[in-house]
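*Asks:* Can you read through this structure? Questions will come right after.
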Amino acid sequence: MSDDTIPDVVVREAVQFPVHDPLTLVSGLAATVDRLGFVVTASTTSEQPYLLARRFASLDHLTRGRIGWNVVTSDMQTALVKLLGAGDVTPHDRRYDRADEFLDLVLKLWEGGWSDDPFIIDKQLRVFTDSGKVHRVTHSGEFYSLDGYFPVSPSPQRTPTLFQAGSSARGIDFASRIAECFFIQERDLAKAARLTTTIRDEVERRGRRRDSVTIINSISVVVAATAADAAALRASLTVAPSRDAMAALFLGWSGVNLLGLDPDTPLDDLRTEVGQSTLAMYQDSGMTVGEVLDALAETLGGTKVTGTPDQVAAEIVHIAEVTDVDGFLIEHTFGGLSTYREFIDDVMPLLRERGAIPQHPRTGTLREMLTGSPTPRLPAGHPGAAFRPQVRS
């Protein structure tokens, strides 16, 4: 391809390409299921606060409160700066400065734009909404300005359930303020345990409860009737992608093109303004660029769990106990829906027997199902609650 920031292998081997608009897809998918939540990644670098707030609030209505937002600051930044005409890649910490203000503004719209119970709906009085319960939102900051009314009526959650995944120091600082759910992708269980402690320490430092953030680790599960069959399936999955395809995936996540570097370069010498968390997974290991390239197919992504249903269930329980995570993101592997069906049918009953998942599935909004919240709304200890209109006595 003529664009040297997008390797040809991305298109040729479908490395996260093509990618369709997830918010559009969710509006159709949500109508087909009753309890599944939908978490959509959207970047504070490429989006505008008002437009994002309107779309997510509309989807919260359509999904009956089952929408979440994975807040990122660098969704494929290298490509986006050219597609959006945004100039150079914004420095890492500076993107988080913008994200802090972005979150404050959308929270003002979601939480402060309307009071509770605003509707009168009286045909004779010709009144639909109590105008005193719709509030003008003004904001003048370093990155954004806004003055007006939020036109989307209050949705079940108001604010979508908030996710974050950055584990750099600045990312953890940002997440400790706003995240309700925190994704990690750490294969080393000792490092994962330290990371969860760091996250909870930072959340507590912010004045929030340590357990107010749900920490979710990414795991790749391969399950089969015998351990040998599962190992064979894992081996076939590991060799499936080409070295170039894995390097392209690493480039998209980290902003570092390993194929363009001397294979003998120590990875500890590299720096990035894009995906610092992905790069950090391989640093402090003494590995060279060439060694990382050879290992990507086996190591990129979350913890690998392979075995019979009983072995997989036992390993998942062990990981949760050792790391203090609250749950898991089950990565897609191969086989389409059948892979998830095997996990649901063969592993989940064993996890339920071990007390690792509820005996009866939770219902309600995504916030209620995922965090166990007694209410669909942001908890009182979340900074977004401060933007709610004051109730006059």
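*Asks:* Cα extents of the stretch 353-393 along the three principal axes, largest first, in whole Å?
*Replies:* 49, 16, 16
*Asks:* Here's another thing I want to ask about it. How big is the equivalent ellipsoid of the chain along its three axes, where each semi-axis is √(5λ) from the Cα gyration tensor, reported in whole Å from largest to smallest?
*Replies:* 37, 27, 20
*Asks:* What net charge is computed for the residues neighbouring residue 147, neighbours being all others with C-beta under 12 Å from the C-beta of residue 147, Lys and Arg scored +1, Asp and Glu -1?
*Replies:* Summing Lys and Arg as +1 and Asp and Glu as -1 gives +2.
*Asks:* Per residue, what volume in Å³ does the Cα convex hull of the stretch 128-190 take up?
*Replies:* Hull volume over Cα atoms, normalised by residue count, gives 135 Å³.
*Asks:* Same structure, new question: Would you mind checking the tilt of helix 227-239 against the longest principal axis of the Cα atoms of the chain, expressed as 0 to 90 degrees and rounded to 10?
*Replies:* 80 degrees
*Asks:* Ok, one more. Using Cα atoms only, what is the angle between the long axis of helix 92-112 and the major principal axis of the chain, expressed in degrees (0 to 90) to the nearest 10?
*Replies:* That helix lies at roughly 40 degrees to the long axis.
*Asks:* Peptides 115-125, 379-389: what's the order by average Cβ count within 10 Å, highest mean first?
*Replies:* By packing density, highest mean first, the sequence is 379-389, 115-125.
*Asks:* Loop only by DSSP, 16 or fewer other Cβ within 10 Å of the Cβ. Give me the trypsin sites (Lys or Arg not before Pro) in the stretch 1-70 that pass, ordered by residue number.
*Replies:* For trypsin sites (Lys or Arg not before Pro) across the stretch 1-70 that sit outside H, G, I, E and B with at most 16 neighbouring Cβ atoms in 10 Å, the list reads 35, 64.
*Asks:* Amide H neighbours of residue 184 under 5 Å, at least 5 residues apart or on other chains, H built in the peptide plane: list them.
*Replies:* 216, 217, 218
*Asks:* Follow-up. Suppose each label sits 7 Å from its Cα in the direction of the beta carbon; what would the residue 320-residue 385 distance come out to in nanometres?
*Replies:* For residue 320 paired with residue 385, the spin-label model returns 2.6 nm.
*Asks:* For helix 49-62, report the angle its Cα long axis makes with the longest principal axis of the Cα atoms of the chain; keep it between 0 and 90° and round to the nearest 10°.
*Replies:* Between the helix axis and the principal axis of the chain, the angle is about 90 degrees.
*Asks:* How many nm separate the modelled label positions at residue 360 and residue 127, each set 7 Å beyond the Cα in the direction of the Cβ?
*Replies:* Rounded to a tenth, the inter-label distance reads 4.1 nm.
*Asks:* Taking the beta-carbon count within 10 Å as an exposure proxy, list 282, 149 from fewest neighbours to most.
*Replies:* Least crowded to most crowded, the residues run 149, 282.
*Asks:* Let me ask something additional. Would you list 139, 318, 20, 92 from fewest to most Cβ contacts within 10 Å?
*Replies:* So the residues, fewest neighbours to most, are 20, 318, 139, 92.
*Asks:* Pulled fully out, how much extra length does the chain show between residue 134 and residue 310, if you take 0.36 nm times their separation in residues and subtract their Cα-Cα distance?
*Replies:* So the extension gain works out to 57.9 nm.
*Asks:* Here's another thing I want to ask about it. Which percent of the Cα-Cα distances in the stretch 303-371 go past 17 Å?
*Replies:* Of the Cα pairs, 48 percent sit more than 17 Å apart.
*Asks:* Among 348, 369, 246, rank each residue by its count of other Cβ atoms within 10 Å, from fewest to most, as a rough exposure measure.
*Replies:* Sorted ascending by nearby Cβ count, the order is 348, 369, 246.
*Asks:* Moving on to the next point. Hey, any idea what the orientation-averaged projected area of the convex hull of the stretch 222-353's Cα atoms comes to, in nm²?
*Replies:* 9.0 nm²
Computed from the coordinates by the stated procedures, all read-outs in this text should not be read as laboratory data. Since the structure is predicted, the reported quantities are computational estimates derived from the model, not experimental observations. When we count neighbours, we look across all protein chains shown, and the Cβ atoms used for this are built from the backbone with ideal geometry, even at glycine.
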